[in-house]
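Reviewing the structure listed below.
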Amino acid sequence: AQRNDCHGAEFQQGLTNFITFFFLLISMLLMSVYLGSAEVRADEDKLTASDYSLVVRNPPPKAYDPEEWRAFFQKIADKQVTCVTVALDNDDMLRKLTKRRIQQNNLRLMLTPGTDMDNDAEVVKAMEQEAKEEEAETTYFTKNFLNPLLVLAGMIVPAQIYYDIVKRLTEEIKELQKKEYNVASVFVTFEAEEGQRNALKALSVGKVHIWNNNIKGVAPEIVFQDRVLFVEEPVEPDSVRWLDLSSTYYKRLSMWVFSLVVTLASVIFAGLCVDHTREKYGVYTAGVLVSVFNSIIPQIVTALMTYEPHLDEDSYETSLYLKITIFRWINTAILTKLITPLTGNLAGGDNGILPAISAILVSELFVTPVLNLMDISTNVYKHILAPRARTQEQMNMYFQGTFYNIGERYTSLTTIIFVCFFYAALYPGAFFFGAAILFVQHYVDKFSLLRIWARRPTVGSQLARFSRRYFFYGSLIAFFVLSAYAWAQFPYDNICDPVAPTSGHAKEYMHFQLLNGTVLGSVTVTQETDVQFCSQSWKNSDVFPFPPTSRLESDDMTYMTASQRKLVDMYGWSALVGVIAYLVLVFGANFFSFTVSFFKGTYSPSGMAQGIDYSSNEEIYGYVPQIKLPGFPFPVLACDVDDINQGLIGWNDEKKSYDFHNMLFDVPWKGMKRVSRIEGNTRNTGQINDQSEYAESAATEMSRLLPSSAPIFSIIKHYPPSWLQEILDSQREEPQSATQPITNHTTTSTSAAPKVDEKTAKPWWKLGA
């Protein structure tokens, strides 16, 4: 055995590490206070729809009428209600409609531009024409060898398959249109911030009353249709996940647990791969593999979370952040510690933990940023698929940018912090690595945000608060506890001095045989006194291993110096106090608030009301049910928007009307106000029903439509204040041109992509045919 003569666990060295902890603690506390106040200032400076709104999570199932909700909340808040959105539990039908849209769009891109996809005869004729052209243009090799391989790989799909899928989904949707749907959630928007605050305060009651619907335990005026309402402040309109609003708590919990189990299974798989690679090819190859897993596994977790329902994007991002952080923390820091033997903590070479951590940090400094900047998928879209796009719409789609998750980017930050804190005692140089990595990450993410990534829904501060409260301070507690164990297990050589040592052992021994039978030619012993094997690992301690103090050292085998014992006792008992403080202040405070919320309301407003009316802010949108689909430049609408101010929708297609993006018209149903879509942009009037085409279609169609017993799509009603109604009435008399929207709300446009000649463009697989 080789004895470690490094006296690195002396009180002076440990005290420096101890002071570093308190410096980081004070810095984090100041940062949390600053960021908390910055969030309040940002919320006050930037008014959004959530500042004026509330959401009812447990509405009566048949409370369809927005007028009833408006009257109730105006009485409660004593302020005007401007918008009411009644969201239904029609997610099964909406999912079918979105799938149909996607498949129909795939079919449309294969046919002659301008084909009316709602005209079945025209679609069939266009498919036949396309088949004839393909037969005439395709070479023998492409037809008999290349295309069958591409079809088998799923890279191209025949038009007939898309057509059959659309027909099947149409029939399934017709059956779902016959169902009666209940109310899932109700969004109410007030004209003034005070209205929202008054209503939330009045309806803030204990969860016991809500769960038991104890109408006798609350004031009679806050009971709506014999229901004690559960209300809260909603997220921003574009962060609402409209397809998941009807999901139950138990469904969300079960899917969350399932995805968490899969994440933990990924941790085990990654651990086995890294352990094998480290043993076979060395620490630097294993470090690269860790970085690769840190890039790949989050994509798998993200794909898995498409089956995990969440009410809003904030909850989704927080859940994603939790799972990816667990994987990366274990894969990057904890796994390396577990697969390294005790004697490897200070050793060099492939069995050393410090070279392994150095390799991981070097890989995170260079490999991960390079992979992010390469952005292979987006470059394939922009430089290979985009030049072969058949329509301008398809070209714009390829230039939308890379999808990203704010939760995943938060994970990259906290992982580096955790690794640096985890090994701070033995490897203080990790702080310099961490600073360099975070510096590079900042500018790579900034470049990606401005040049590479696509626009994401607006999220609130929930994820940032969650990260600060649990993971930032959790990293700091890991710093404290792991440093205490690091000093307690020093010098990591498993060699102890016996109680009564003997001397005279310093000499050269010939034909030395190890316990495993290996014979060495000669061994030179340099220490005069004898030693004995002892385990310095906390795992083999005779006492409970926490807190890690000098009591871990047995009475008959000692390896600590007097200075080390002093350091370990100070650090170990301080770590115990730190863990208790963390549990009490973080989890205890939350548990106390949760317990209090059972019996009384806990709502309190954040910041000061700004005194600005909702309708006077042109950058605020409404809670309009809409769904963002992959491959579509604009969301698809899932409600009737004929009677609302079009500026509430939040985006504007300069070429097409909102009818084109509205799924109400995809499959005709009983109760439609009109069947045909209005062509062209409609933003030259305040509302769609102000269009001349709307009046014509209503006159010819409404008489032949059968009413439905209950609505099958969500309902939104707009009640503009009197001053805005006068403006809209005057503009209705003198409509502007279509190129000048009647409202000044900020609109969403597609990327500045090159122009496409839609008459001569061919699919990418026909290039060179």
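Could you estimate the translational diffusion coefficient of the range 574-651 from the Stokes-Einstein equation, with Rh from the Kirkwood formula over C-alpha pairs, at 20 °C and 1.002 mPa s, in whole µm²/s?
It diffuses with D of about 120 µm²/s by this estimate.
Provide the packing ranking of 475-482, 420-427, 624-631, i.e. peptides ordered by the mean count of other C-beta atoms within 10 Å per residue, highest first.
420-427, 475-482, 624-631
Note the full-extension length gain between Lys207 and Lys125 as 0.36 nm times their separation in residues minus their Cα-Cα distance, in nm to one decimal.
Once the chain is fully extended between Lys207 and Lys125, it gains 23.5 nm.
Say each of Ala303 and Ala71 gets a label point 7 Å from the Cα, pointing the same way as Cα to Cβ; how far apart are those two points in nm?
Placing both labels 7 Å beyond Cα along the Cβ direction yields 5.3 nm.
In debye to the nearest 20, how big a dipole does the range 266-321 give about its Cα centre with +1 on each Lys and Arg Cβ and -1 on each Asp and Glu Cβ?
The calculated dipole for the range 266-321 is roughly 480 debye.
Which pairs break 25 Å Cα to Cα here: Lys96/Lys323; Lys79/Lys251; Lys96/Lys382; Lys46/Lys79?
Lys96/Lys323; Lys79/Lys251; Lys96/Lys382
If we restrict to alpha carbons, what Rg and Dmax does the range 298-376 come to, in Å?
Gyration radius and largest Cα-Cα distance of the range 298-376: 16.7, 50 Å.
Would you indicate which of (1) 13, 35, 28, 17, 6, 1, 0; (2) 13, 32, 27, 20, 7, 1, 0; (3) 13, 38, 30, 14, 4, 0 is the value of P(r) over Cα pairs in 20 Å bins from 0, in percent derived from the coordinates of this structure?
Here P(r) over Cα pairs in 20 Å bins from 0, in percent agrees with entry (3).
Quick check for me: using +1 on Lys/Arg Cβ and -1 on Asp/Glu Cβ, what's the dipole size of the chain about its Cα centre, in debye to the nearest 20?
For this selection, approximately 1020 debye.
On a 0 to 90 degree scale, rounded to 10, what angle separates helix 120-137 from the longest Cα axis of the chain?
In the chain, helix 120-137 runs at an angle near 60 degrees to the longest axis.
Ignoring ligands, DNA and RNA, how do Val257, Val519 rank by accessible area with a 1.4 Å probe, largest first?
Greatest to least solvent exposure: Val519, Val257.
Normalise the Debye intensity by I(0) for the range 345-468, one equal point scatterer per Cα, no solvent, then take log10 at q = 0.09, 0.16, 0.22 Å⁻¹ and round to two decimals.
Values returned for q = 0.09, 0.16, 0.22 Å⁻¹ are -0.37, -0.88, -1.24.
Could you work out how far helix 11-45 tilts from the main Cα principal axis of the chain, as a 0 to 90 degree angle to the nearest 10?
Rounded to the nearest ten degrees, it is 10.
Where does each of 214-220, 176-182, 105-111 land if you order them by average Cβ count within 10 Å, highest first?
Descending mean neighbour count gives 105-111, 176-182, 214-220.
Just the accessible area for Ser503, please: 1.4 Å probe, Å², rounded to the nearest 10?
About 80 Å², rounded to the nearest 10.
Taking every alpha carbon pair in the range 146-274, what does the distance histogram look like in 5 angstrom bins from 0, in percent?
Cα pair-distance distribution for the range 146-274, in percent: 2, 7, 9, 10, 11, 12, 12, 11, 9, 7, 6, 4, 2, 1, 0.
Quickly rank 248-254, 331-337, 294-300 as a protection proxy: mean count of other C-beta atoms within 10 Å, highest first.
Going by the mean number of other Cβ atoms within 10 Å, highest first, we get 331-337, 294-300, 248-254.
May I ask for the angle, rounded to the nearest 10°, between helix 562-582 and the longest principal axis of the chain, with both axes built from Cα atoms and the value confined to 0 to 90°?
20
Could you state the principal axis extents of the C-alpha atoms in the range 452-503, from the largest down, to the nearest angstrom?
74, 26, 8
Accessible surface of His383 in the full protein assembly, 1.4 angstrom probe, to the nearest 10 Å²?
Roll a 1.4 Å probe over it and His383 shows about 120 Å².
Can you compute the helix-only [θ] at 222 nm over the chain? Use -39500 (n - 2.57) per DSSP H run of at least 4 residues, normalise by all residues, nearest 500 deg cm²/dmol.
Result for the chain, helices only: -14500 deg cm²/dmol.
Just how much of Ser204 is accessible, in Å², when a 1.4 Å probe is used and the result is rounded to the nearest 10?
Counting only protein heavy atoms, the figure is 40 Å².
Can you work out the Karplus-derived ³J(HN,Hα) for every residue in the range 598-611? Use 6.51 cos²θ - 1.76 cosθ + 1.60 with θ = phi - 60°, whole Hz, and x for glycine or proline.
5, 10, 8, x, 10, 5, 9, x, 10, x, 9, 5, 8, x
Could you please put Ser291, Ser32 in sequence from largest to smallest accessible area, using a 1.4 Å probe?
Correct descending sequence by accessible area is Ser32, Ser291.
Give, rounded to the nearest 20 debye, the magnitude of the charge dipole that the range 316-455 has about its Cα centre when Lys and Arg contribute +1 at Cβ and Asp and Glu contribute -1 at Cβ.
340
Taking a quarter of the surface of the Cα convex hull of the range 187-246, what do you get in nm²?
So the Cα hull casts an average projection of 5.1 nm².
The values are calculated or read from the model by the stated rules, or taken from the named source; none is laboratory data. From a predicted model like this one, the values you see are computed outputs, not experimental measurements. Neighbour counts run over all protein chains shown; Cβ positions are idealised from the backbone, glycine included. Areas reflect the complete protein model, heavy atoms only, side chains present, ligands, DNA and RNA absent. Shrake-Rupley method; radii C 1.70, N 1.55, O 1.52, S 1.80 Å.
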